[in-house]
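Participant: Let me give you the structure first, and then I'll get to my questions.
No lab work stands behind these numbers, since they all come straight from the coordinates. Only a predicted model underlies this, so the values are computations on that prediction, with no experimental measurement involved. Because the Cβ atoms are built from the backbone with ideal geometry, glycine has one as well, and the counts that use them run over all protein chains shown.
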Amino acid sequence: MADIGATVHVRLRAIVGDANVLTAGKDVAPYLADWRDRYHGATLAVVRPSTTDEVAAVVASCAALGVAIVPQGGNTGMCGGATPHETGTEVVLSLARMNRIRALDAANATLTAEAGAPLAAVHKAAADAGLLFPLSLASEGSCTIGGNLSTNAGGTAVLRFGNARDLTLGIEVVLADGRIWNGLRGLRKDNTGYDLKHLFIGGEGTLGIVTAATLKLFPAPRTQATALCAVASVAAALDLLTRLRSALGDRLTGFELMSGFSLSLSAAHHPAFPNPLPGHPWYVLVQADDSAADAPLPAMAEAALVAAVVDEIALDAVVAQSVDQAGKLWSLRENISEAQRREGPNIKHDIALPVSAIPAFLVECDAALATAFPGSRLVVFGHLGDGNLHYNLSAPEGMAADAFLANAEAANRIVHDCVARFHGSFSAEHGVGQLKRAELQRYKSGVELDLMRAVKAAFDPGNLMNPGKIL
């Protein structure tokens, strides 16, 4: 291994320069652990190319040596998909230097960004042109477009705009043998055979390395309405969703469900953003947007919410009266994950269900978890409008982290079996990575697994593209 390592180092330095091949322990350490600090690995080297041609040369050189590659963007993933294994036989390929906005075509409403471009930079480039890229994640300052595509990221605006797959028109990919497929087409209609980009989007780098993407843009919102609503139950939240869809149409951009406990955690750990409607069992954060500057959207949203309170669909509601107030309401939602981390150990689930099935699922699964793990606290929040829940289990107060996390497998089985009974998915927007490989084997049919393995073998016969992830 020492010999192959030395050879790899020499070849990679010839491609990207000495400064962009990292081997010292302190230099590679940030690339060897996932964001949640659950997975830790080792590597032959971290290589930092700056162009697609350099990525292609790195991949071709590693392929010739039989060395596997782990692509990595902002390293904000939740499932260990961008973390190398402990063997130390893989090369980590960081796309951080490939962070340019290559083109923006306002007339075609498209933007082409390299894979290492932070999501926030794409937002700014679109906004500077008076347009909107609507993928919205709490980690937008550090997550990258390549990572967003690798897990088919969702976020808070899926209800109106769809997930990353829906927002992507074309991609550029370096294949496992080092060839480059330039599929950066800004076309909304193209029926010339198989739509190959969808194999790579959501593929977590296991079929090839996405180096750039052409993304859809939309008119920027010029009128907005943001409201926090209290409801008595999740069934009432669904009734409110139906009511607001009818009243606001496709102006309804976000509809975020939060349990009372999750919101109290967020407010407690972030006192600068207190809950303006304390003491209720469930909450919904509503976001509506209109591209017309003089749209009567705030009045429409307020009228719909008043009617919902009068009709006892909602218990109470507060509508933001300024951009600052709207930001504080969103901070309550976006700070839940960090608040839960500060609170102590937790077992996370990123699940998707038919929207109509969510109330019954929660009744059944909440009861099963309460029986199995007395004293555990459920932190439930997510994108109710598209059926994606972050259904997390926090330790009982005072319980040691190791003792609680030892229950992870049993908790996962309860939750994921219940999800399967309701015809849902155990992974909605975080991917599979290392964390959920066994779940894929358990819940996917044999036919689906055979097809996925056939695709993997066709694109990566040497199993050098992020091996051990997904399959």
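Participant: Could you sort 38-50, 236-248 so that the peptide with the highest average Cβ count within 10 Å comes first and the rest follow in order?
Facilitator: Values: 38-50: 21.3, 236-248: 18.8.
Per-residue Cβ counts within 10 Å, averaged per peptide and sorted highest first, yield 38-50, 236-248.
Participant: Put +1 on the Cβ of each Lys and Arg and -1 on the Cβ of each Asp and Glu in the chain; which of Phe373, Pro278, Ala420 then has its Cα farthest toward the positive end of the dipole?
Facilitator: Positive-most Cα among the choices belongs to Ala420.
Participant: Now a separate question. Estimate the FRET efficiency between Leu65 and Ala458 by the formula 1/(1 + (r/R0)^6), using the beta-carbon distance for r and 25 Å for R0, to the nearest 0.05.
Facilitator: Working: r = 22 Å, r/R0 = 0.88.
With a Förster radius of 25 Å, E is 0.70.
Participant: Apply 1/(1 + (r/R0)^6) to the Cβ-Cβ distance of Ala6 and Arg179, taking R0 = 30 Å, and write down the FRET efficiency to the nearest 0.05. Walk me through the numbers before you get to the answer.
Facilitator: Working: r = 27 Å, r/R0 = 0.90.
Efficiency computed from Cβ-Cβ geometry: 0.65.
Participant: Between Leu405 and Glu448, with labels modelled 7 Å along Cα→Cβ, what's the label distance in nm to one decimal, could you check?
Facilitator: In this crude label model, Leu405 to Glu448 measures out at 2.9 nm.
Participant: Further question: To the nearest 0.05, what FRET efficiency results for Thr371 and Thr51 with a Förster distance of 56 Å applied to their C-beta separation? The partial results should precede the final answer.
Facilitator: Numbers: r = 56 Å, r/R0 = 1.00.
About 0.50, to the nearest 0.05.
Participant: Still on this structure, I have one more. Can you give the helix-only mean residue ellipticity at 222 nm for the chain, where every DSSP H stretch with n ≥ 4 adds -39500 (n - 2.57) and the sum goes over all residues, rounded to the nearest 500 deg cm²/dmol?
Facilitator: Working: 17 runs with 171 residues, N = 471.
Counting only the DSSP helices, I get -10500 deg cm²/dmol.
Participant: Oh, and also: Say each of Ser233 and Asp105 gets a label point 7 Å from the Cα, pointing the same way as Cα to Cβ; how far apart are those two points in nm?
Facilitator: Those two pseudo-labels are separated by 5.1 nm.
Participant: Let me ask something else. Take the alpha-carbon positions of region 14-87, form their convex hull, and give its projected area averaged over all directions (one quarter of the hull surface) in nm².
Facilitator: Numbers: hull surface 20.4 nm².
Spelled out: convex hull of the Cα atoms, projected over all directions, averaged, 5.1 nm².
Participant: Same structure again: P(r) for the chain, please, calculated from all Cα pair distances in 10 Å bins and given in %.
Facilitator: Bin by bin from 0 Å, the calculated values are 4, 19, 28, 26, 16, 5, 1, 0.
Participant: Counting just the Cα atoms, what span does region 223-337 cover along each of its three principal axes? Round to the nearest Å and put the largest first.
Facilitator: Result for region 223-337: principal-axis Cα extents of 37, 29, 20 Å.
Participant: Please state, to two decimals, what the Cα-based radius of gyration of region 331-471 comes to when divided by 2.2 N^0.38 Å (N = residues).
Facilitator: Region 331-471 yields a ratio of 1.15.
Participant: Taking a virtual spin label 7 Å from the Cα of Ala220 along the C-beta vector, which residues in region 268-301 bring their backbone nitrogen under 16 Å of it?
Facilitator: The answer is 289-294.
Participant: With each pseudo-label sitting 7 Å past Cα toward Cβ, what's the Glu364-Glu343 distance in nm, one decimal?
Facilitator: Here the answer is 2.5 nm between the modelled labels.
Participant: Name the lysines eligible as straight-distance cross-link partners of Lys348: C-alpha to C-alpha under 22 Å, and not fewer than 8 places from it in the same chain.
Facilitator: Cα-Cα hits under 22 Å: Lys436, Lys444, Lys469.
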